[in-house]
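The values are calculated or read from the model by the stated rules, or taken from the named source; none is laboratory data. Remember, it's a predicted structure, so these values are computed and weren't measured experimentally. Note: ideal-geometry Cβ built from the backbone for every residue, glycine included; neighbour counts use all protein chains shown. Quick note on the areas: whole protein, heavy atoms, side chains included, nothing else; ligands and nucleic acids left out. Shrake-Rupley method; radii C 1.70, N 1.55, O 1.52, S 1.80 Å.
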Amino acid sequence: KDIVIGNNVSVFGNIDIRNRENGRIIIDDDVSIDKDCRFISANNAVLRIGRRGYIGPYCFIISGGDISIGEDCLIAGMVHIQSSVHGYKKGELVIKQKHDYGQIVVGKDVWIAGNVTILKGVVLGDGCVVGAKSLVRKGCYEKNSVLAGVPAKKIKERL
């Protein structure tokens with residue numbers, strides 16, 4: 001009940017699907033997943049991949065907070081989407097510190113190019129494009145925004 005895979009889901013190689021601490025993973029109908037991807041959901045979070053999406057090879061989607069990926073999204077290879085960050089306060093071992101969680105929402109018809117990292121607190125409106133090797137941290141981006149850079153910024157609108 002905590003891992004739901006829809007109809008006509010294609011997997012092109014090995015993938016790793018894990019859930020713990022009541023995390024849920026939902027992969028809707030007609031999604032294609034390339035090789036060596038990892039999906040993790042924990043901390044009562046829901047990771048949902050919308051219909052007709054494509055997830056490229058070597059992608060990691062890790063949810064400690066909810067992650068929603070809309071329909072018809074194209075996610076290129078080596079993309080890392082993570083809705084938690086590890087604590088790193090001075091004077092305490094990092095490995096012993098707790099995570100901080102947030103939501104990530106990816107709208108419909110979004111293209112995320114290769115080697116992109118998306119962190120907690122990001123909302124990408126419908127039709128957004130994220131350029132290769134960008135780092136998207138916090139913020140709501142209007143529909144059809146084209147983002148690029150480290151950190152990512154809106155550079156133009158999709159025509």
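From the P(r) of region 68-111, could you give the percentage of C-alpha pairs in the tail past 17 Å? Intermediate values should be presented prior to the final figure.
Numbers: 479 of 946 pairs.
For region 68-111, the fraction of Cα-Cα distances above 17 Å is 51 percent.
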Using a 1.4 angstrom probe on heavy atoms only, work out the carbon and sulfur share of the accessible area of the chain in %. 51
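Local charge sum around LYS153 (other residues, Cβ-Cβ under 14 Å, Lys/Arg +1, Asp/Glu -1)? Could you put the intermediate results ahead of the total?
On the way: positive: LYS133, ARG137, LYS138, LYS154, LYS156; negative: GLU142, GLU157.
Result for the local shell: +3.
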Please find the FRET efficiency linking ARG137 to ILE5, where r is the Cβ-Cβ separation and R0 is fixed at 35 Å, and quote it to the nearest 0.05. 0.70
GNM, the chain, Cα, under 10 Å: largest mean-square fluctuation among LYS138, LYS98, LYS89? LYS89
The chain: relative contact order from alpha carbon pairs under 8 Å, six or more residues apart, as a whole percent, is 14
To the nearest 20 debye, what is the magnitude of the charge dipole of the chain about its Cα centre, counting +1 on the Cβ of each Lys and Arg and -1 on the Cβ of each Asp and Glu? 660
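Which whole-number percent is the relative contact order of region 1-93 (Cα, under 8 Å, 6+ apart)?
On the way: 263 pairs, mean separation 20.9, N = 93.
After rounding, I find 22 percent.
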Between rounded, prolate and oblate, where does region 40-83 land on the alpha carbon gyration tensor, with a ≥ b ≥ c its root eigenvalues, rounded for a/c under 1.5, else prolate if a/b exceeds b/c? oblate
Per DSSP, loop chymotrypsin sites (Phe, Trp or Tyr not before Pro) in region 63-151 with at most 15 further Cβ within 10 Å: TYR88
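Counting only GluC sites (Glu not before Pro) that are in a DSSP loop and have at most 12 other C-beta atoms within 10 Å, tell me the longest site-free stretch of the chain. All intermediate terms of the calculation are to be shown ahead of the outcome.
On the way: sites that count: GLU21, GLU92.
No qualifying site falls inside 22-91, the longest such stretch.
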Once every Cα of region 36-116 carries one equal point scatterer and solvent is ignored, give the base-10 log of I(q)/I(0) from the Debye formula at q = 0.14, 0.19, 0.25, 0.27 Å⁻¹, two decimals. -0.49, -0.80, -1.16, -1.27
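Kirkwood Rh, Cα Rg: Rg to Rh for region 8-159?
Working: Rg = 15.0 Å, Rh = 15.4 Å.
Computed over Cα atoms, the ratio is 0.98.
May I have the convex hull volume per residue, in Å³, for the Cα set of region 1-83? Please report the intermediate quantities before stating the final value.
Working: hull volume 5.5 nm³, N = 83.
Spelled out: Cα convex hull of region 1-83, divided by residues, is 66 Å³.
I'd like to check one number: the per residue accessible area of region 37-159, probe 1.4 Å, reported in Å² as a whole number.
Values: 6390 Å² over 123 residues.
For region 37-159, the solvent-accessible area averages 52 Å² per residue.
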Which FRET efficiency value, to the nearest 0.05, is calculated for LYS96 and ARG38 with the Förster distance at 25 angstrom and r the Cβ-Cβ distance? 0.55
